[in-house]
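Worksheet: one structure, shown below.
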Amino acid sequence: MRVPPVSRGPEAKKTGRNESGRAVMSGGSGSRRKESPERIRTGKRFCLVGGTMKEIQYIQQPTEYLCGQACVAMIANVSVEDVIRVMHNDQAAGKKEIERAFDHYGIRQAKTMTRADNHTPLPPVCILKVLLPRYSHWVLFYHGKYYDPEFGLTDELYGKARVQSYLELFTD
């Protein structure tokens, strides 16, 4: 949604709508949390990591084995190479390695993975463990979108993927 620019001085307030359709204000000197007009116009997704707003950028996994590292990189807003260094692993990542990486980046998470299937309602933010025809795979789910490091940013999970479980992430 495009917000027309309005020039009323440095303290002027601008009104727009966020992704859920709610009106948001930016500018001015109020103490409420504000979204910048850039965020409103671009419709990019943001999460709270370490108490500050971070933009979620889709990251494609650089090799066939780095889906877990790519998911951590997306939510932590760091490079896959940084996650590889933190995990000490440039191959397929397991649940424990992913949990330790989330801890390292200050991303709060549920204590355990929750069993699920393709019909289970998902929490707003989680990392999914899915089974594909020939291998297991990690996918980031963020407010209704699947950030799949192999298949892209989509509204639906890849057709042949079967959800096995998820780890809920707390971003606020």
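The values are calculated or read from the model by the stated rules, or taken from the named source; none is laboratory data. Everything numeric here is computed off the predicted structure, so don't read it as measured data. Counting neighbours? That spans all protein chains shown, and the Cβs are built from the backbone with ideal geometry, glycine included.
Some notes on this structure:
- Number of residues in the stretch 80-90 that are part of a loop (DSSP other than H, G, I, E, B) and loosely packed, with under 14 Cβ neighbours inside 10 Å: the value is 1.
- Total residues in the stretch 93-120, condition more than 17 Å from the chain's Cα centre (by Cα), outside any strand (DSSP E or B) and surrounded by fewer than 17 Cβ atoms within 10 Å (Cβ to Cβ): 10
- Hey, R115 closer than 24 Å to E156 by Cβ, among the basic types (K, R) and at pLDDT 95 or above or not: yes
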